[in-house]
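What follows is a single structure, written as structure tokens, with notes after it.
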Amino acid sequence: MLFHRSKRAFAALFALLFLLASAAQAQGTKLPNVTILATGGTIAGTGATSTTTVGYTAATVGVQALIQAVPEITKVAKVSGEQVFQIASENMGNEHWLILAKRVNALLAQPDVDGIVITHGTDTLEETAYFLNLVVKSKKPVVVVGSMRPSTALSADGPINLYNAVNLAGSPSAVGKGVLVAMNDQIHAARDVTKSNTTTTDTFRSSELGMIGYIQGGKPFFYREVTRKHTVDTEFDVSKLDALPQVDVAYAYANVGDVAVKALVASGAKGLVHAGVGNGSLPAKTKPALIAAREQGMVIVRSARVGQGIVARNGEANDDQLDFVVSDTLSPQKARILLMLALTKTNSTKEIQRMFYTY
Ligand code: DAS
């Protein structure tokens, strides 16, 4: 009798241990839930032949086909896909950004979404990434990815870039890092990355400020943190916005006049970024138009076309006297994004300058 009881007790104990081991094993290999939001670009592009790496058509392959082309991603994440847009990113606009940002925030608020990958054209990828860096309200990873060769090309870089991006978006080490750009086995912070070459696969660079990590064998390795505020720490909220203020960029060069500045002012811009030569210098033929614009209430940001370095306040112009803002190290195209969002909060140049030293 005693033997039979102990036999039953042993069997029950074994069954319990087996269940616990299975649960632990399942927990240990629980795949992250990653949503892929597809917007178009070369990563979704097709060319006439396998050697067509320029002159292809961007934004033709749908999100499900992108996912099916890389079955390996189903081994590293539970992936779902949404086709948010299907455009070449030179056509990305403020209205697209607002739709995308609201969808990203809605998804990240769901407990069953661990991270998001956004497939995107490379031409304005850095701008979308920076915009999202300022308006996403979650610490969960958001990874923007593209490719320089269409999906039909020899050695297309899209599949491995997508595989890396999904791994990164599902990685706990990417939590709280801000919006990331994953290209060419590298991890870049949204604020400092830029497309630096028209066609090569290593085009995305963070140059002097440096990328923040690598992806090797599908695993992210981080080596630095960004110092500027992003995502949950920003003061910007687009959830109730249907439009963004018009902000444009005027480019400086030898012999430039004031035609472009005057035209942008006349078009109703609320803010103007001047992509100055050198340290954000203002050509004599342009300066009076910028001063007049400021006197009409436009906020003027002095940026620089050179690509690296700090635009010094009161350096090449008396910003205190002119009541101009300087862009710090932000490129003209990213200074435009921050100025647009700043103008949704304030017109105070003092406040806006603080924002340029904060984000
Ligand atoms: N036209 C480019 C774009 O969509 C193609 C690309 O590089 O993604 O940004």
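The values are calculated or read from the model by the stated rules, or taken from the named source; none is laboratory data. Since we're looking at a predicted model, the values are computed, not measured. FYI the Cβ positions are ideal-geometry reconstructions off the backbone, even for glycines, and counts take in every protein chain you see. Protein only, heavy atoms only, side chains kept; ligands, DNA and RNA dropped before computing areas. Shrake-Rupley method; radii C 1.70, N 1.55, O 1.52, S 1.80 Å.
Quick one: if you stick a label point 7 Å off each Cα along the C-beta vector at Ala254 and Arg305, how many nm between them?
Each label point lies 7 Å from its Cα, and together they span 1.1 nm.
Report the extension gain between Gln68 and Ala15 in nm, rounded to one decimal, defined as 0.36 nm multiplied by the number of residues separating them, less their alpha carbon distance.
15.2 nm
Ignoring everything except DSSP H segments at least 4 long, calculate the 222 nm mean residue ellipticity for the chain; use -39,500 (n - 2.57) per segment, divide by total residues, nearest 500.
Value at 222 nm, helices only: -9500 deg cm²/dmol.
Which distance in nm do the two modelled labels at Lys78 and Lys350 give, with both placed 7 Å along the Cα-to-Cβ direction?
Once both label points are built, they end up 5.2 nm from each other.
Using R₀ = 35 Å, calculate the FRET efficiency as 1/(1 + (r/R₀)^6) where r is the Cβ-Cβ separation of Lys219 and Glu95; round to 0.05.
The calculated FRET efficiency here is 0.40.
Expressed as a whole percentage, what fraction of the accessible surface of the chain belongs to carbon and sulfur atoms when a 1.4 Å probe is rolled over the protein heavy atoms?
Roughly 56 percent of what the probe reaches on the chain is carbon or sulfur.
Where only protein heavy atoms count, and the probe is 1.4 Å, what is the accessible area per residue for the range 110-256 in Å²?
Counting only protein heavy atoms, the per-residue value for the range 110-256 is 41 Å².
Pop out the ³J(HN,Hα) list for the range 119-132 in order, Karplus 6.51 cos²θ - 1.76 cosθ + 1.60 with θ = phi - 60°, rounded to Hz; leave Gly and Pro as x.
3J(HN,Hα) across the range 119-132, in whole Hz: 8, 7, x, 7, 4, 10, 3, 5, 6, 4, 4, 5, 4, 5.
Here are some pairs, Lys139/Lys195; Lys139/Lys270; Lys30/Lys229; Lys219/Lys345; which of them have Cα atoms lying more than 28 Å apart in this structure?
Lys139/Lys270; Lys30/Lys229; Lys219/Lys345
Return a whole-number percent for the relative contact order of the range 113-204, with Cα pairs under 8 Å and 6 or more residues apart as the contact set.
32 percent
Got a number for the accessible area of Asp258? Probe 1.4 Å, square angstrom, nearest 10.
Counting only protein heavy atoms, the figure is 40 Å².
State to the nearest 20 debye the size of the charge dipole of the range 128-215 about its Cα centre, where the only charges are +1 on K and R beta carbons and -1 on D and E beta carbons.
Using Cβ point charges on Lys, Arg, Asp and Glu, the range 128-215 gives about 360 debye.
So what's the projected area for the range 234-359, the Cα convex hull averaged over all directions, in nm²?
Mean shadow area of the hull around the Cα atoms is 7.1 nm².
Counting only C-alpha contacts under 8 Å and six or more residues apart, can you give the relative contact order of the chain as a whole percent?
13 percent
Note the full-extension length gain between Ser207 and Gln86 as 0.36 nm times their separation in residues minus their Cα-Cα distance, in nm to one decimal.
Stretched fully, the Ser207-Gln86 segment lengthens by 40.6 nm.
Would you please give the residues with an amide H less than 5 Å from that of Val144, counting only those at least 5 places away or on a separate chain, with H modeled from the backbone geometry?
Ile118, Leu180, Val181, Ala182
Only bridges with both residues in the chain count here: give the DSSP antiparallel percent, nearest 5.
35 percent
Among the aspartates and glutamates, select those whose C-alpha is under 18 Å from the C-alpha of Lys78, and discard any that sit fewer than 8 residues away in the same chain.
Asp112, Asp114
Can you tell me, using C-alpha contacts under 8 Å and at least 6 residues apart, the relative contact order of the range 222-294 as a whole percent?
32 percent
Just list whichever of Lys240/Lys285; Lys262/Lys334; Lys75/Lys137 have alpha carbons separated by over 30 Å in the model shown.
Lys240/Lys285
Could you give the length gained on full extension between Thr57 and Gln296, defined as 0.36 nm per residue of separation minus the Cα-Cα distance, in nm?
Extending this stretch completely gives an extra 81.7 nm.
Chymotrypsin sites (Phe, Trp or Tyr not before Pro) within the range 184-246: which are DSSP loop residues with at most 12 other Cβ atoms inside 10 Å?
Tyr223
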